[in-house]
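One structure is given below, encoded as structure tokens.
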Amino acid sequence: MQPKDLYGRQLLLTAAELATLPADVQSRAGLTITASQIQCQRCGSTLDHRTAQLPQKQFYCYQCLNLGRVSSLTPLYHIPEPNEFPQRPKLTWTGHLTSAQAVCAADLQRAFAAHERHLLWAVTGAGKTEMLFPGLAWALQQGWRVAVASPRVDVCLELAPRLQAAFADTTVAVLHGRQTAAYAYRQLTVCTTHQLLRFRAAFDVLVIDEVDAFPFAANQQLYYAVDHAVKPHGAVLYLTATPSDALLRQTRRGQLKLSYLPLRFHQHLLPTIQVTLLPKWWSAIAKGRLPAKLRRWLGAYATSGQRFLIFVPRIDQLTVVQAAIQRQFPTMSGQTVYSADPDRLAKVQQMRQEQVQYLITTTILERGVTFPGIDVLVLGADDPVFSTAALVQIAGRVGRSQQRPTGLVRFVSGSYTRAIKQAQRQIKLVNRKGRRLRDDLSTVPTTAND
Amino acid sequence: MTCLLCQRPLTTKLTLPWLLSWQPVAQPVVCTACWQQFQPIILATACPQCGRAQPHWQVCRDCQRWAAQPDFQNVALFTYNEAMQAYFQHYKFQGDYRLRAVFQTIVQQRLQQLTADQVVTIPVTTATMATRGFNQVTGWLDTGINDGVLTVAKTVAQSQKDRQARLATKQPFGLAPGVDLSGQRIVLVDDVYTTGRTMRHAANLMLENGANSVTGLTLAR
């Protein structure tokens, strides 16, 4: 093991690994134990005395076991981040930001430079990743260590190649739970938020993409991870299209600065949600029949070849829905994907490469993934798993390409739930603001943009 | 409460027979779906020597090859299948000591049915004790520490070897000083019976030191 594998990290090491490292490696207890409370120093969880107990008055953390067990038997090892980056990578991205994007991008760069906590609230498809580029380029030029983290592995896998293309002279490290490649010390890291638990005061700039997504939202462990992975005076940037009330409250209190972009990069408004009330959609599909409306819509897709996503509330409904569609339209090729699917990444890749016409999925594909020019259909949109944020994100999968900036978002539901109404209202609000911004932009004389 | 193995919420159904039985509430620790993944071994047709599950009662081929060794019988509770492998991965190798509760009741129940003057568990090495922090076998018997009858020298773990290497393993065990086993009926408990090498080494040692009989009990075979 190389010392640089431990720069800015906190790891459990075997005796053999430790022997290969210099003697000045810092170590500290994995658990802090007092009479009243036990806290894991890696994930921050407060542990129950009885549950965490090992024989002979030892304790272990049962909350972050998947990353290797933290216990009172072995310490966590750490080498402070030295920012050992001899090369300063340049931005090789040659695209252009719209003027609205450029304003936000400048905001972000300023926030990085001022070591601030910042929130970028931009609608789905606003081009959040591209807006990061100037700020990230600046930070990398300073010799800073930068990470872009997301709660979703799919989001990471989509971000990594884009960042790699934008910073072609450096290698982007990708870290997530399913990978087999070894860890490498890099200036720019893309990882899942869980992987941040393995870092300690490592990053000068930490970007959390899709901050409102499961499992990050309301997960104390991951907030703790972010707080500790970033350097004490580092900058944290949260990105989202659907900020939670808690985040917005922080912006009102002034603990978090806010940039807001209500318009997509191609300056078209968000597609609005069309709700169709079909209370018995599930009982029909469970019998292998498609409701007439659904049959008509899918029939149109079968003839036009239009690609689409179908969202269902529960994993066990995936195959049933697919069977019903296959029976009616045997020529259309489709796949089902869910979180624990062993072929999940491969199937999403197939959809991206247009090898299949449709995917049936659960909320795992609600965000962060772009399939150009698709339509979306949500079955059972009244199910409690579809929160307002999830519905807005799902609607945001549509119309993301310049070639097809519009598309259909159809919800099949038993009733108008509060979440559906709020999602419609949110899209309407964002569109109203977006329209105003677009009108402002078009009245600005073109010379001002140069 | 959530299932220890799949973390899904646990629900207990109150049935009329249970209500009328006046028994205390049995809090399950794993859900039915997870529990059904484990395959209990039917004692009536299992191999009488190693406890392996098989369709008909007979001494299995592996045990016929042990014929020259002193008499030793093992009782196993479950077939070593994928679910069991996953269980051991989490319990033993990842070190999630909470998971001892999954088999605590069933191991202790079975142990009570066997006649024993003394229960002896296979110990773990000092190095393992220092990193894992518990003995997975005594965990089911609710102490989690090496119980002190047997001692073990530093060895390569059996789980890292192939069959040939396992069978060639030299006696790793010794008797702790001051232990007297003469005339006693011993029940020897271990986690998995694979080739039988470990169990037989321990059994032979105790028989040589005067034990009257040694019966094995393992969770998996």
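Where a number appears in this text, it was derived from the coordinates with a stated rule and is not lab data. Here the structure is a predicted model, which is why all the values come from computation and not from measurement. Here Cβ is always computed from backbone atoms with ideal geometry, including for glycine, and neighbour counts include all displayed protein chains.
Quick rundown of the values:
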read-out: The stretch B:1-157: mean projected area of Cα convex hull, nm²; value: 12.3
read-out: The stretch A:278-319: trypsin sites (Lys or Arg not before Pro) falling in loop per DSSP and having at most 11 other Cβ within 10 Å; value: A:LYS280, A:LYS287
read-out: All lysines inside 17 Å of A:LYS257 as judged from Cα atoms, apart from same-chain residues fewer than 8 positions distant; value: A:LYS128
read-out: For B:VAL179, A:VAL174, order by how many other beta-carbon atoms lie within 10 Å, fewest first; value: B:VAL179, A:VAL174
read-out: 0 to 90° range, to nearest 10: angle between helix B:197-208 axis and chain B longest Cα axis; value: 60
read-out: Rounded Å value of the spacing that divides the Cα centres of the stretch B:81-157 and the stretch A:400-442; value: 58
read-out: Within 10 Å of each Cβ in A:194-207, the average number of Cβ atoms from other chains; value: 0
read-out: In the stretch B:163-212, trypsin sites (Lys or Arg not before Pro) in a DSSP loop with at most 12 other beta-carbon atoms within 10 Å; value: B:LYS170
read-out: Base-10 log of normalised Debye intensity for the protein assembly as shown (one unit scatterer per alpha-carbon) at q = 0.08, 0.10 Å⁻¹; value: -0.78, -1.07
read-out: Proximal lysines to A:LYS293, defined as alpha-carbon separation beneath 18 angstrom and excluding residues fewer than eight positions away on the same chain; value: A:LYS280
read-out: Whole-angstrom Cα spans of the stretch A:3-78 along principal axes, big to small; value: 37, 23, 22
read-out: Net charge contributed by nearby residues that have their C-beta within less than 13 Å of A:TRP281 (K/R +1, D/E -1); value: +4
read-out: Calculated FRET value between A:THR319 and A:GLU17, using beta carbons and R₀ = 35 Å, to 0.05; value: 0.20
read-out: C-alpha long axis of helix A:292-304 to longest principal axis of chain A, angle in °; value: 80
read-out: Cα centroid of the stretch A:298-320 to Cα centroid of the stretch A:52-93, whole Å; value: 42
read-out: Of A:LYS57/A:LYS231; A:LYS347/B:LYS161; A:LYS231/A:LYS347; A:LYS347/A:LYS433; B:LYS92/B:LYS161, those spanning more than 26 Å from alpha-carbon to alpha-carbon; value: A:LYS57/A:LYS231; A:LYS347/B:LYS161; A:LYS231/A:LYS347; A:LYS347/A:LYS433
read-out: Ascending count of other beta-carbon atoms within 10 Å, so fewest first, for B:CYS6, B:CYS60; value: B:CYS6, B:CYS60
read-out: Chain A - Cys residues lacking any other Cys C-beta under 4.7 Å; value: A:CYS104, A:CYS156, A:CYS191
read-out: Estimated distance in nm for a label pair at A:VAL103 and B:GLN73, the labels positioned 7 Å out from Cα along Cα-to-Cβ; value: 8.6
read-out: Calculated FRET value between B:GLN160 and B:ASN81, using beta carbons and R₀ = 25 Å, to 0.05; value: 0.75
read-out: FRET efficiency, 1/(1 + (r/R0)^6) with R0 22 Å, evaluated for B:LEU114 and B:GLN58 via beta carbons; value: 0.50
read-out: GNM top mover of A:LEU237, A:LEU206, A:LEU76 - chain A, alpha-carbon springs below 10 Å; value: A:LEU76
read-out: Order of A:TRP138, A:TRP282 under a 10 Å beta carbon neighbour criterion, fewest first; value: A:TRP138, A:TRP282
read-out: Stokes-Einstein D for the stretch A:273-436, Kirkwood Rh over Cα pairs, 10 °C, 1.306 mPa s (µm²/s); value: 99
